[in-house]
Amino acid sequence: MPEKVIIIGSGPAGWTAAIYAARANLEPLVFAGRPKSSPSLVLPGGQLMLTTDVENYPGFPEGVTGPKMMAYFEQQAVRFGTRIVTDEGMNPDVSDPDDGHSSKYQDCKSVDFSSRPFTVVGEDDKVYESHSVIVATGATANWIGLENEQRLAISGGGVSACAVCDGAMPIFRNKELGVVGGGDSAVEEATYLTKFASKVYMIHRRDKLRASKIMQKRALDNPKIEVLWNKVVVDVLGDASITGVRLRDTGTDEESDRQLGGLFVAIGHTPATEFLQGQLELDAKGYVKLKDTYRSTTSVEGVFAAGDVSDSVYRQAVTAAGMGCKAAMDAERWLADQGLD
């Protein structure tokens, strides 16, 4: 028999959708995914897996680590009957909050939304059928691609891709910080960090910013922001935590070191939609396009989207969780209308 709902993704949106769907007796099946390091750093559980301390999610007054929070989300989903696709089949076992994500969980390889029931193919080529699907695969930060950059990002050593998520943490306060990038997002990150940092250096490979005129003015007029023009980061320095970066001048090839207490990479995000292979309508940036701003409906009836895979603006755990709630409720109502609940 086809599943009632398959959820693809295991970040705040995916697990929240699973919690709501499970409590509605839809017995959701989740493709939680596996860790990857190429072409971008991807960890099941979403961007929170790269956040040492989460202090802005309601309900955790003392804060909580990102991986532990995602393990709690997962445990709650499984408690109500969520199943997870693993190498050994559909397994209700959950990740340990202290050990991290289970390596046995499978990725979704491909989907076919051209006919009902929909089909979802796992890594082992096993085909699953479902009356509805929730896509919650998120978006990954674009990293520079340096070994020490990614190591320190995973370990919480002062490298991040989200200033709003991490910038207020004690380890970054009153420090000189770096922001890599020259677009609107980089200016926003740098401006936000000036609330906590003693100085913010924007590291940009060109001699002018790509940001809009108004955003450029905001950065250039801020006394706490200094732009390091024509520079690229060729190494991130530090062992347990970042101590600085090695820069190369794009004009002269001369290298120099800059001491920093933190580095924020703001060179964009890539939505995890490649596996869809044209099955859903995407926007110009590759994000799943929603038919209604206030709903989770996509271009295919019975397929819903939630979280950063369809949100290029906020990219926060709490907004993703809210979208996961909406997607599960939309799926439940749609299934009921079809007489499939």
Discussion item. I'd like the full set of residues that are modelled with pLDDT of 90 or more and either in a loop (DSSP other than H, G, I, E, B) or farther than 11 Å from V30 by Cβ (or both), limited to the stretch 97-108.
Written reply: D107
Response to the item:
Picked from the stretch 107-129 (must be more than 25 Å from the chain's Cα centre (by Cα) and touching a residue at least 60 places away in the same chain (Cβ under 8 Å)), the residue surrounded by the most Cβ atoms within 10 Å (Cβ to Cβ) is F118
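Conditions tested, residue by residue: (1) at pLDDT 95 or above; (2) hydroxyl-bearing (S, T, Y); (3) surrounded by fewer than 19 Cβ atoms within 10 Å (Cβ to Cβ).
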{"position": "L193", "(1), (2), (3)": "yes, no, no"}
{"position": "H204", "(1), (2), (3)": "yes, no, no"}
{"position": "T250", "(1), (2), (3)": "yes, yes, yes"}
{"position": "R258", "(1), (2), (3)": "yes, no, yes"}
Discussion item. Pull out all pairs, ordered by first then second residue, where Cβ-Cβ is under 6 Å, the residues are six or more apart or on different chains, the first lies in the stretch 139-165 and is in contact (Cβ under 8 Å) with a residue 40 or more places away in the chain, and the second is charged (D, E, K, R).
Written reply: A139/D308; V159/E149; S160/D166; A163/E189
Worksheet item: With V232, V303 as the choices, which residue is touching a strand residue (DSSP E or B) at 6+ places or on another chain (Cβ under 9 Å) and surrounded by 19 or more Cβ atoms within 10 Å (Cβ to Cβ)?
Response: V303
Item to complete: May I ask you to say which residue of V94, V78, V85 is modelled with pLDDT of 85 or more and either surrounded by fewer than 18 Cβ atoms within 10 Å (Cβ to Cβ) or outside any helix (DSSP H, G or I) (or both)?
Response: V85
Practice prompt. Show the residue pairs that are 6+ apart or on different chains and have beta-carbon atoms under 6 Å apart, the first residue being within the stretch 7-18 and under 15 Å from K109 (Cα atoms), the second being polar (S, T, N, Q).
Written response: I8/T137; G9/T137
Worksheet entry | Considering residues of the stretch 144-187 that are under 29 Å from I214 (Cβ atoms) and among the hydroxyl-bearing types (S, T, Y) only, the residue modelled with the highest pLDDT | S160
Worksheet item: Out of the stretch 109-143, which residues are of a type in the set (A, V, I, L, M) and either outside the structural domain of I7 (by TED's automatic domain parsing) or not in a loop (DSSP other than H, G, I, E, B) (or both)?
Response: V111, V120, V121, V127, V133, I134, V135, A139, A141
Worksheet, complete the sentence: In the stretch 50-67, residues that are in contact with a Leu (Cβ under 9 Å, 6 or more places away or on another chain) and at pLDDT below 90 total 5
Worksheet, complete the sentence: So, first residue surrounded by fewer than 24 Cβ atoms within 10 Å (Cβ to Cβ) in the stretch 44-64, second residue among the aromatic types (F, W, Y) and in a loop (DSSP other than H, G, I, E, B), Cβ within less than 8 Å, six or more apart or across chains; the pairs are V54/F60; V64/Y57
Practice prompt. Might you let me know whether the stretch 193-215 holds any residue that is outside any loop (DSSP other than H, G, I, E, B), closer than 23 Å to T319 by Cα and touching a helix residue (DSSP H, G or I) at 6+ places or on another chain (Cβ under 9 Å)?
Written response: yes
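The values are calculated or read from the model by the stated rules, or taken from the named source; none is laboratory data. Predicted model only: the values in this text are computed from it and were never measured. Don't worry about glycine lacking a Cβ; one is built from the backbone with ideal geometry, like all the others, and counts go over all protein chains shown.
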